[in-house]
1. Would you mind estimating how fast the stretch 54-184 diffuses translationally, via Stokes-Einstein at 20 °C and 1.002 mPa s with the Kirkwood radius over Cα pairs, in µm²/s?
2. Arrange the following residues from fewest to most other Cβ atoms within 10 Å of their Cβ: I183, I58.
3. So which GluC sites (Glu not before Pro) in the stretch 68-139 end up in coil per DSSP with only 11 or fewer other C-beta atoms within 10 Å?
4. What FRET efficiency comes out for the pair R165/R130, r = Cβ-Cβ distance, R0 = 30 Å, nearest 0.05?
5. On full extension of the chain, what length is gained from E71 through K42, given 0.36 nm per residue of separation minus the C-alpha to C-alpha distance?
6. What is the spin-label model distance, in nm, from D186 to S121 if the labels are put 7 Å beyond Cα along the C-beta direction?
Amino acid sequence: MNSNIWGYSIKKFLFMFLLPLAVLSAADKNNKVEEPASYETKVTFHGFSWGTSTADVIKKMGKPLLREEWEDHGLTVLAWENVEVNGYTTYMLAYFSQSGLQGGTYYFLTYTTDELMRCYSEVRQELRDRFGPTYLFDGIVRELRPYESAWNLPSGYVCLKVNAREGDPVMLWYTSPELTKKIYGDIKPVTTKK
């Protein structure tokens, strides 16, 4: 009789333990599997594809404030002021080689440390939403240190930086694969992972 009670107790325990697992398993099969988030992988600068001619950029942006030749790097740099990006006013620089647009930089105009950090955080979040999370991300750990987030995608490199301690502005830099290779050498692209 003891063995019957013991056997009954084991069956009861197994039933109580396994029934919820079976129900959860059946529920999982009925639920749709969540699709992984998809992120943009095409890197462009201010809506211009890599290789866009200087004339086409000027046609859309207007006459540049400055034109400079960087002969050491084989680049022509054009600059515009009062270019709006993410609700902030910026200076915009575009870098051109013989084959067209190769990169560009935005320098955000902020006037207080609070505005500077808000700008960095908002732009970083927009880039994360657009290109996905990246392990090339330096999160905010403490106030007034250099912050940097970067995305190295097959179609270009994107880097967001600020150094409040040095008084540097928020800088957002884009480079084509060609210019990235020229600056950094052969580095492997980092794609986003969920």
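1. Stokes-Einstein gives a translational diffusion coefficient of 137 µm²/s.
2. I183, I58
3. In loop regions of the stretch 68-139 (DSSP not H, G, I, E or B), the sparsely surrounded GluC sites (Glu not before Pro) are E71.
4. 0.60
5. Length gained, E71 through K42: 7.6 nm.
6. 4.2
No value in this document is a laboratory result; all are computed from the given coordinates. What you see is a predicted model; the values in this text were computed from it and never measured. Using ideal geometry, Cβ is built from the backbone for each residue, glycine included, and neighbour counts are taken over all protein chains shown.
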